[in-house]
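Asker: Submitted below is the structure of interest, expressed as structure tokens.
Taken together, the values in this text are just the output of simple stated rules run on the coordinates, not laboratory data. Remember, predicted model here, so these are calculated numbers, not experimental data. Cβ: placed from backbone, ideal geometry, glycine included. Neighbour counts: every protein chain shown.
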Amino acid sequence: MPRDTHEITRDDIISLKDYESIRKDKRQESILRKKFRRLAIGPYATIQFESWESMWLQIQEMLRIEKGGDEQLTDELAAYNPMVPNGSEFTGTLMFEIDEEVRRTAFLKGLGGVDKHIHLIIGDQKVSAEPEQDIDRTRSDGKASAVQFVHFPLTDEQARMWKSMEGQVMVQIDHPNYGHAAIISDECRRDMARDLD
């Protein structure tokens, strides 16, 4: 299976015509998987744990929308491959969502440095997130980005604990202005365990 390489290559990308023929099914698969891998953390935060498949679909969708050809493909692979789990980590897209713009802006201004306050709890062990290094996700005025891309690097022991299905696992945000945690379901845990090979 291509996901075992932990990288999406040009050979994995199919033509726009071929993609159109399977797009409906692939998007339906994605919706079902997201039900397992998307988790609300408190009232405003949601994390989507990414996978080879979710990043592959994102690349295919971007190519479909922009139709930028080979040059665009190079850029999309560079942008999305870092978020493909490497076999000893989980990756996630964390989003803060408030519909009303004034409230959202005020909320995000109080959330600077939130990327240093995101953790996975596996039994009695805490795995702190490492932000994707593409750009700084907190502006100089202290306003956090509404979207954070994070990596959770696991030790061999933490990976073993995750796969064992013993104990409880959760995701936690412990920022002074936003402190919430959510238990990760067994279904999500089993699906994410596929990323640890």
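Asker: Only one of ILE22, ILE14, ILE41, ILE8 is in contact with a strand residue (DSSP E or B) (Cβ under 7 Å, 6 or more places away or on another chain) and either surrounded by 12 or more Cβ atoms within 10 Å (Cβ to Cβ) or charged (D, E, K, R) (or both). Can you tell me which?
Answerer: Going through ILE22, ILE14, ILE41, ILE8 in turn, just one is in contact with a strand residue (DSSP E or B) (Cβ under 7 Å, 6 or more places away or on another chain) and either surrounded by 12 or more Cβ atoms within 10 Å (Cβ to Cβ) or charged (D, E, K, R) (or both): ILE41.
Asker: Identify, by number, the condition in (1) part of a strand (DSSP E or B); (2) surrounded by fewer than 16 Cβ atoms within 10 Å (Cβ to Cβ) that VAL171 doesn't meet.
Answerer: Every listed condition holds for VAL171 apart from (2).
Asker: Specify which of the listed residues (GLU157, GLU130) is acidic (Asp, Glu), touching a His at 6+ places or on another chain (Cβ under 7 Å) and either buried (at least 19 other Cβ atoms within 10 Å of the Cβ) or farther than 21 Å from ALA40 by Cβ (or both).
Answerer: Being acidic (Asp, Glu), touching a His at 6+ places or on another chain (Cβ under 7 Å) and either buried (at least 19 other Cβ atoms within 10 Å of the Cβ) or farther than 21 Å from ALA40 by Cβ (or both) holds for just one of GLU157, GLU130, which is GLU130.
Asker: Sticking with this structure for a sec: Return the total of residues in the range 98-127 being closer than 27 Å to PRO82 by Cβ, among the hydrophobic types (A, V, I, L, M, F, W, C) and surrounded by 18 or more Cβ atoms within 10 Å (Cβ to Cβ).
Answerer: The total comes to 7.
Asker: From the list GLU50, GLU71, GLU89, GLU61, which residue is out of contact with any helix residue (DSSP H, G or I) (no Cβ under 8 Å at 6 or more places or on another chain), within 13 Å of ARG194 (Cα to Cα) and of a type in the set (Asp, Glu)?
Answerer: Criteria check complete, one pass: GLU89.
Asker: Another question, then. How many of the residues making up the range 62-104 are over 25 Å from PHE36 (Cα atoms) and without any contact (Cβ under 8 Å) to a residue 60 or more places away in the chain?
Answerer: Qualifying residue count for the region: 19.
Asker: Here are ILE31, ILE65: which of them is surrounded by fewer than 16 Cβ atoms within 10 Å (Cβ to Cβ) and within 24 Å of SER185 (Cα to Cα)?
Answerer: Of the residues listed, the single one that is surrounded by fewer than 16 Cβ atoms within 10 Å (Cβ to Cβ) and within 24 Å of SER185 (Cα to Cα) is ILE31.
Asker: A further question on this structure: Taking the condition of being at positive phi and either acidic (Asp, Glu) or within 21 Å of the chain's Cα centre (by Cα) (or both), how many residues in the range 17-74 meet it?
Answerer: 1
Asker: If you don't mind, there's one more thing I want to ask. Among all residue pairs at least 6 apart or on different chains, which show Cβ distances below 7 Å where the first residue, located in the range 46-61, is closer than 14 Å to GLU76 by Cβ and in contact (Cβ under 8 Å) with a residue 12 or more places away in the chain and the second is in a helix (DSSP H, G or I) and of a type in the set (Ser, Thr, Tyr)?
Answerer: Listed by first residue and then by second, the contacts come to SER54/SER30; MET55/TYR80; LEU57/SER30; GLN58/TYR80; ILE59/TYR80; GLN60/TYR19.
Asker: Ok, one more. Within the range 157-170, track down each residue that is touching a residue at least 40 places away in the same chain (Cβ under 8 Å) and more than 21 Å from the chain's Cα centre (by Cα).
Answerer: If the condition is that a residue be touching a residue at least 40 places away in the same chain (Cβ under 8 Å) and more than 21 Å from the chain's Cα centre (by Cα), then GLU166, GLY167 are the ones that fit.
Asker: On to the next question. Just to be sure before I move on: is PHE152 in contact with a helix residue (DSSP H, G or I) (Cβ under 7 Å, 6 or more places away or on another chain), of a type in the set (Phe, Trp, Tyr), surrounded by 13 or more Cβ atoms within 10 Å (Cβ to Cβ) and under 30 Å from ASP11 (Cα atoms) in the structure I sent?
Answerer: Against the criterion (in contact with a helix residue (DSSP H, G or I) (Cβ under 7 Å, 6 or more places away or on another chain), of a type in the set (Phe, Trp, Tyr), surrounded by 13 or more Cβ atoms within 10 Å (Cβ to Cβ) and under 30 Å from ASP11 (Cα atoms)), PHE152 does not qualify.
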